[in-house]
Amino acid sequence: MIVEGVAKAGAKTKELVKELSPGDIAVIAHPDLDNVAAQSLVEAKVKAVINTQASITGRYPNLGPSQLLKHSVPLLDVESEDLLTSLDGRRIRIDCSSGAVVDVETEELLCQGRL
């Protein structure tokens with residue numbers, strides 16, 4: 001599956017969801033993505049989520065990632081906080097089979113993550 005949209009980034013998920021439009025790709029920095037945050041992303045109707053932190057660290061059980069998957073929202077972990085600024089506002093394409101994130105305009109590979 002290929003997902004394409006405008007990346008909108010924010011260090012705090014609860015603040016970012018207020019700025020998202022349906023079809024955006026959310027770029028967050030949210031270790032151990034919780035169910036409340038995931039549900040707010042689903043309600044914002046994002047096409048995909050890129051997390052610059054580990055969505056599951058193993059410190060405790062969390063249901064956020066499964067909440068996104070339940071609603072067919074791809075979740076890509078790319079542990080690099082630089083992405084919050086470098087992806088914000090860009091039109092990107094995510095190849096869900098490989099985890100590659102590409103700039104639509106330049107076809108430049110921006111990062112590689114894991115689903």
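For this structure, a couple of remarks:
- Scanning the range 13-29 for residues that are under 10 Å from the mean Cα position of the chain (by Cα) and farther than 17 Å from V102 by Cα yields I28, A29.
- Failed item in (1) touching a helix residue (DSSP H, G or I) at 6+ places or on another chain (Cβ under 9 Å); (2) closer than 24 Å to E105 by Cβ; (3) open to solvent by 20 Å² or more (accessible area, probe 1.4 Å); (4) aliphatic (A, V, I, L, M), with V17 passing the rest: (2)
- Condition check for K14: in contact (Cβ under 8 Å) with a residue 12 or more places away in the chain and in contact with a Ser or Thr (Cβ under 8 Å, 6 or more places away or on another chain): yes
One line per residue, one yes/no per condition, for (1) open to solvent by 60 Å² or more (accessible area, probe 1.4 Å); (2) touching a helix residue (DSSP H, G or I) at 6+ places or on another chain (Cβ under 8 Å); (3) hydrophobic (A, V, I, L, M, F, W, C); (4) not in a loop (DSSP other than H, G, I, E, B):
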{"position": "A54", "(1), (2), (3), (4)": "no, no, yes, no"}
{"position": "G58", "(1), (2), (3), (4)": "yes, no, no, no"}
{"position": "V73", "(1), (2), (3), (4)": "no, yes, yes, no"}
{"position": "G89", "(1), (2), (3), (4)": "no, no, no, no"}
{"position": "R93", "(1), (2), (3), (4)": "no, no, no, yes"}
{"position": "S98", "(1), (2), (3), (4)": "no, no, no, no"}
{"position": "L110", "(1), (2), (3), (4)": "no, yes, yes, yes"}
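- Here the range 61-90 is the region considered, the condition is being of a type in the set (V, I, T) and at pLDDT 95 or above, and the residue that is nearest to V27 (Cα to Cα) is V78.
The values are calculated or read from the model by the stated rules, or taken from the named source; none is laboratory data. All of these numbers come straight from a predicted model, not from anything done at the bench. Using ideal geometry, Cβ is built from the backbone for each residue, glycine included, and neighbour counts are taken over all protein chains shown. The area values use the complete protein model at the heavy-atom level, side chains included, leaving out ligands, DNA and RNA. Shrake-Rupley method; radii C 1.70, N 1.55, O 1.52, S 1.80 Å.
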